[in-house]
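The values are calculated or read from the model by the stated rules, or taken from the named source; none is laboratory data. All figures in this text were calculated on a predicted structure; none of them were measured in a lab. Heads up, the Cβs are rebuilt from the backbone with ideal geometry, glycines too, and the neighbour counts pull from every protein chain shown.
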Amino acid sequence: MNTISTQRQLEGKIALVTGASSGIGRASAVELARRGAKVVVAARRKDELDQLVQQISGEGGEASTFVADVSKEVDIERLVDYTVQTYGRLDIAFNNAGTEGVFAPLIEQDSERFDMVFDLNVRGVLNAMKYEAQVMLEQGAGSIINNASMGGLIGFANASVYIASKHAVVGMTKSASIEWFRQGIRVNALCPGLIETPFHHRGIWPSAEVQQQFAAGTPAGRWGTAQEMATIVAFLASDDSSYVSGHALVADGGYSVA
């Protein structure tokens with residue numbers, strides 16, 4: 001465990017993490033718990049969530065499982081309600097759940113693929129922020145972090161629908177931050193680059209050779225880790241970032257500027 005994780009600067013805070021069953025979501029849930037937050041972990045795969053809760057509990061933290069599909073508004077409403085009923089409040093929300101969709105030329109995309117990607121990546125984040133903010137506005141405080149990807153700021157060939165969805169997340173983040181900052185709610189976006197997660201290896205990168213080529217084209221010379229993203233989430237969740245809102249924080253090893 002690194003030094004900063006032992007400071008427990010999130011002691012007494014209640015956090016919610018969607019897409020927590022693997023990758024950045026899982027690492028972030030663990031990191032938030034290590035820093036003292038009680039965490040509700042949500043995703044569609046209960047077994048993985050239960051294993052995560054066991055890990056957090058084994059490290060002395062506290063977490064609970066809620067199975068939810070963020071493309072369904074009723075699931076998000078129930079998730080937020082469960083968090084408040086269980087822990088009394090909601091201080092931190094990491095809206096991490098999403099999908100890459102199908103990477104293909106724009107002329108091969110269709111309405112069905114578009115709807116699937118936007119239901120998860122855009123509508124899911126919109127509804128999550130709406131219900132999370134209702135609680136946080138009553139409290140007069142809270143931090144919302146949306147996972148937008150570096151694809152929310154740059155483009156990639158054969159990824160038009162995914163890129164459009166992540167640009168939408170950045171746009172919603174910026175607009176919401178203007179609405180709520182004076183009411184005590186900060187809203188920021190994390191924009192990861194090439195990160196070693198199951199998400200990025202599930203059909204996006206067809207071979208180890210292609211993965212190595214992309215890594216070589218990054219100034220960092222490597223892929224990032226889920227843990228590196230988790231520490232950024234924890235920063236945006238904490239009072240250390242009290243003057244930061246509406247920001248799309250790029251963590252891509254320099255890829256987007258190279």
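The number of residues in the range 31-45 being touching a strand residue (DSSP E or B) at 6+ places or on another chain (Cβ under 8 Å) and under 18 Å from residue 86 (Cα atoms) comes to 9. Looking only at the range 164-192, residues that are under 14 Å from residue 96 (Cα atoms) and aliphatic (A, V, I, L, M) come to 5 in all.
Taking into account only those residues within the range 108-163 that are among the aliphatic types (A, V, I, L, M) and in a loop (DSSP other than H, G, I, E, B), which is nearest to residue 76 (Cα to Cα)? Only one residue fits best here, namely 148. If only residues of the range 70-95 that are hydrophobic (A, V, I, L, M, F, W, C), farther than 23 Å from residue 198 by Cα and in contact with a helix residue (DSSP H, G or I) (Cβ under 9 Å, 6 or more places away or on another chain) are counted, the one that is surrounded by the most Cβ atoms within 10 Å (Cβ to Cβ) is 76. Do we have any residue at all in the range 96-113 that's in contact with an Asp or Glu (Cβ under 6 Å, 6 or more places away or on another chain) and either surrounded by fewer than 16 Cβ atoms within 10 Å (Cβ to Cβ) or at pLDDT 95 or above (or both)? Checked the range 96-113: no residue is in contact with an Asp or Glu (Cβ under 6 Å, 6 or more places away or on another chain) and either surrounded by fewer than 16 Cβ atoms within 10 Å (Cβ to Cβ) or at pLDDT 95 or above (or both). The test for being under 21 Å from residue 8 (Cα atoms), in a strand (DSSP E or B) and not aromatic (Phe, Trp, Tyr) holds for residue 39. Just wondering, is there one or more residues in the range 57-69 that are over 18 Å from the mean Cα position of the chain (by Cα), surrounded by fewer than 17 Cβ atoms within 10 Å (Cβ to Cβ) and assigned to a loop (DSSP other than H, G, I, E, B)? Looking for residues that are over 18 Å from the mean Cα position of the chain (by Cα), surrounded by fewer than 17 Cβ atoms within 10 Å (Cβ to Cβ) and assigned to a loop (DSSP other than H, G, I, E, B), one finds at least one in the range 57-69, hence yes. Can you tell me which residue is surrounded by the most Cβ atoms within 10 Å (Cβ to Cβ) among those in the range 1-18 that are at pLDDT 95 or above and not in a loop (DSSP other than H, G, I, E, B)? Checked the range 1-18; the qualifying residue surrounded by the most Cβ atoms within 10 Å (Cβ to Cβ) is 17.
Cβ-Cβ distances below 6 Å connect the following pairs, each with a first residue in the range 204-216 that is at pLDDT below 70, a second residue that is surrounded by 14 or more Cβ atoms within 10 Å (Cβ to Cβ), and a separation of six or more residues or different chains: 204/100; 205/211. If you go through the range 222-258 and pick out every residue that is touching a residue at least 24 places away in the same chain (Cβ under 8 Å) and assigned to a loop (DSSP other than H, G, I, E, B), you end up with 12. The test for being in contact with a Lys or Arg (Cβ under 9 Å, 6 or more places away or on another chain) and within 20 Å of residue 188 (Cα to Cα) does not hold for residue 254.
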